[in-house]
Structure formats: structure tokens, C-alpha cells
Amino acid sequence: MTQSKIYVLGSINLDISISTTKIPHPGETVAGSSLLLTPGGKGANQAYGMSKYSTDIYMVGRVGDDIFATNILEHFSNSQLNTQNVSVDKNASTGLAVISVDNQGENSILAVYGANMECGQNEIDILTKSLSSNDYLVIQNEIPFQVNLKSAKLACEIGAKVIWDPAPYVQDSAELLKFVDIVTPNVLEAESLSGINIDNDEGLLKALKWFKSHSKKLNPIITLGNDGVAYLNNDELQKISSFDVNVVDSVAAGDAFVAGLTIALTNSIPLDKAIVFAQANAAVSVTKQGAQSSMPVINEVQQLLN
């Protein structure tokens, strides 16, 4: 168990996942083969994934006053995740995501964020009262940007570490980088944030240095899908290969990566080894269907690492 507490400020959704032979094009109807209803949202996925390893994981966010929220909170009650800071917004619906997954494990997502976008001063007040210098704050982009910005600035002032998964991309959000310790964009998000074309190692290095230029303490990590992960070591490009596994469903692979990375770092594992652990956590997750239902336990990850 980690000594640091991890506060995950972010989205809580119900995921409607549909398996299909292919993801439909605009105007096209494609038959689905199965339907799965599961709790999701990038924030909740990451928090739930971390709760597989520790009891010191605290979810901060909102759900609506509806049956979706009832099912989600009941699901959380059967886990180690602390949800005392999840509030019910009577004037909004619970976030909802409709996910299409093809037979190659690729996915497309249509999300209605609902109560997530009502996060505001209440959540900032919770963090003000709760965060200490030994803690971690993990954020994504499925709640209002200004809430993320104020929360990251608060954590930075306190001395807590901030990990930002900038997904989905939000325009004009680079201001957040100066308050962040680790940022984990994929290639598309890194290109959108930096304006740099990443089609080779030269572009990759240039983008990583662009991120690093915002703060001396910032460690940028760009996830490359099947090509692994890239990061900086003394301003030099470093790459770590992905694990070769049978991909069933890539939904929440990025969330599993962030969950594994955060858990490793809070246990004082060096960054390069923490990235390897995060890669393994993500690799195990794509061998299973669903978002939170795919989050690994330590024995599964250790088998892959061994």
C-alpha cells in the first residue's frame, strides 16, 4: 500500500459498449454482436484501476440523480475506491458514453458528459481541505478546464504532485503544463497541444522538448500505441516498446497506463521502471473487454513482466 494518497478529479460515466465487426462510417448502419453496460469515464477508470493496488485512492467528481448513478455507485461500493467525495447533482444527468469496438479491438466513443461538466467550486473546496504535500492529484479533460487549472495550481502550491492525462484534447489548455509534474498525451494529443507534427523520432523529440519547456519539473510521456512509449532522459529521446499481447478491446488502455504509472510512482519506483509497469498494466487491460472490468490486478501484471 502506498503512503501517499491519490486524489483523482475527473469524469464518472456509464459506458454502453457495442461489439461489432467494424465501426460504422457516417450514414452507415452496422449490426452489433453484443452489448455491455459498465461504469466508465476517464477519471473513474483511472481511479478504479488504481484501487486494485491501494486503499488510498479517492475519487472526486459528480454523478446525476438517476438510475445510472445508482448502478455506478453500487459498483464502486464493491471496490476499494473511496467515493465519499463523489456528489450527486440533482440538476444534471450522469455522464454517458456510447462505445463501438470492432473485431481488431479498435474503438470510437461518443460521450455526453452531463454532471461531469458541472464540477466546480465544490470539488476545488474538497481538494483544498484534503490535499497534502505528500499526495498526488490525477486529472484528465472530461470536466471543465478551469476546474482542472485551479485544482492543479492548488496542488502545485501545496507541493502535491500532479499527473495530467490531456484526453480528450481541449483547445488552449497548454497553460496547465506549468502546474503539472507528468503529462501523458498520445500522439494525436501531443500534436494538437504542441502544433508539432510527430511522424518520426525527430518530431517526437521536438514535441517532448516543447512540453518540457513549460516547466523544469515536468516529465512529458507520449504514448505511441503499439509502438510503445517515448519520454526524455537528460533531454535525450528514450523509447520503451509495448508488450505483445492479444488485443481484445483497447477501450481504457490509456487509463490503465495512467493508473499503473501513478501507482508505481507513489511507491517510489523510478520513472523508467514506472513506465514499464504502466505499459504492462495497459497491456493486460487490452486482453479483456470493457473499461473498469479490464483493469488488472498485480498478479496479472507480474506474469507479463516476468
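Structure values in brief
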{"item": "Only one of Y48, Y53, Y58 that is buried (at least 17 other Cβ atoms within 10 Å of the Cβ), within 21 Å of F257 (Cα to Cα), modelled with pLDDT of 90 or more and more than 15 Å from the chain's Cα centre (by Cα)", "result": "Y53"}
{"item": "When residues of region 159-186 are limited to those that are over 24 Å from Y113 (Cβ atoms) and surrounded by fewer than 21 Cβ atoms within 10 Å (Cβ to Cβ), the one farthest from the chain's Cα centre (by Cα)", "result": "G159"}
{"item": "Members of region 1-44 found to be touching a Leu at 6+ places or on another chain (Cβ under 7 Å) and either in a helix (DSSP H, G or I) or of a type in the set (V, I, T) (or both), listed by number", "result": "I16, I18, G43"}
{"item": "Sole exception among (1) within 17 Å of the chain's Cα centre (by Cα); (2) farther than 15 Å from G10 by Cα for H75, by number", "result": "(1)"}
{"item": "Filter result (of a type in the set (G, A, S) and in contact (Cβ under 8 Å) with a residue 12 or more places away in the chain) within region 60-95", "result": "G61, G64, A69, S79, S87, A92, S93, G95"}
{"item": "Count of residues meeting criterion [in contact with a Ser or Thr (Cβ under 8 Å, 6 or more places away or on another chain) and either in a strand (DSSP E or B) or surrounded by fewer than 18 Cβ atoms within 10 Å (Cβ to Cβ) (or both)] in region 110-123", "result": "2"}
{"item": "Qualifying position, being at negative phi and in contact with a Pro (Cβ under 7 Å, 6 or more places away or on another chain), among V183, V247, V229, V162", "result": "V183"}
{"item": "Filter result for G225 (closer than 20 Å to Q279 by Cα and surrounded by fewer than 15 Cβ atoms within 10 Å (Cβ to Cβ))", "result": "yes"}
{"item": "Some residue of region 234-255 being among the hydroxyl-bearing types (S, T, Y) and assigned to a strand (DSSP E or B)", "result": "no"}
{"item": "Among the residues listed as T38, T94, the single one being modelled with pLDDT of 90 or more, surrounded by 22 or more Cβ atoms within 10 Å (Cβ to Cβ) and in contact with a Gly (Cβ under 6 Å, 6 or more places away or on another chain)", "result": "T94"}
{"item": "Flag for V98 being touching a residue at least 60 places away in the same chain (Cβ under 8 Å), within 28 Å of L177 (Cα to Cα) and of a type in the set (V, I, T)", "result": "no"}
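The values are calculated or read from the model by the stated rules, or taken from the named source; none is laboratory data. Since this is a predicted model, take the numbers as computed values, not measurements. Methodologically, a virtual Cβ is constructed for each residue, glycine included, from the backbone with ideal geometry; neighbour enumeration extends over all protein chains shown.
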